[in-house]
Ligand code: GRF
């Protein structure tokens with residue numbers, strides 16, 4: 001891949017990672033532009049960041065769909081209508097059906113607030129503290145059928161400090177997420193990493 005790629009971002013909440021991607025794309029030398037932000041939650045904070053940056057937004061509430069398949073089909077239709085080439089999940093709290101993942105394989109990435117394969121799923125920082133690890137961090141990875149299990153694109157580590165709470169650790173990791181996501185996306189766009197069809 002080369003050139004300025006059209007990115008779609010999927011969110012469910014506050015959208016601080018979306019904000020960091022918006023900031024990266026504001027640089028004319030960054031090889032991507034965000035053309036659409038989709039949220040499954042009306043009123044998600046990230047929608048405001050998108051609107052402030054003049055980016056099109058779409059709310060697709062999962063609850064109005066009978067199945068995961070029809071919900072994902074609506075997302076797919078919206079992404080295609082906007083000519084999206086690459087999808088970034090940034091705090092998107094829904095699991096995709098297999099056909100959606102297959103259709104976008106190699107063109108959909110996610111950020112997760114742990115050093116995968118450790119601590120998948122939710123309550124990640126609680127898991128890290130309970131396990132007593134001394135290092136945690138964040139991972140940008142390709143999305144695969146199994147949740148939080150796709151090929152790793154980039155990682156960044158932070159120390160887990162004595163007395164850390166899930167909140168203090170989350171804040172330290174989040175700061176790294178904001179640096180890592182734009183870098184990892186750039187790597188994918190430049191073709192330095194790819195997830196071939198399996
Ligand atoms: C981040 O910690 C991300 O790694 C996880 O959900 C959180 C989303 O935060 N998947 P934000 O909405 O980007 O602020």
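Out of all the residues in segment 154-168, which are under 14 Å from the mean Cα position of the chain (by Cα) and over 16 Å from residue 120 (Cβ atoms)? 154, the sole residue that qualifies. Taking segment 1-104 and the helices (runs of 4 or more DSSP H) fully enclosed by it, the elements with 2 or more residues that are buried (at least 22 other Cβ atoms within 10 Å of the Cβ) and within 14 Å of the ligand (Cβ to nearest atom) are at 16-25, 45-52. Screening the candidates 38, 60 for the property of being within 23 Å of residue 140 (Cβ to Cβ) and at pLDDT 95 or above yields one hit, 38.
Tallying residues that are buried (at least 17 other Cβ atoms within 10 Å of the Cβ) and on the phi > 0 side of the Ramachandran plot within segment 107-121 yields 1. Note on segment 109-140: among residues that are assigned to a strand (DSSP E or B) and more than 11 Å from the ligand (Cβ to nearest atom), the one that is farthest from residue 8 (Cα to Cα) is 135.
The values are calculated or read from the model by the stated rules, or taken from the named source; none is laboratory data. Because the structure is predicted, anything quoted here is derived from the model rather than measured. Note that each Cβ is placed from the backbone with ideal geometry, even for glycine, and that neighbours are counted across all protein chains shown.
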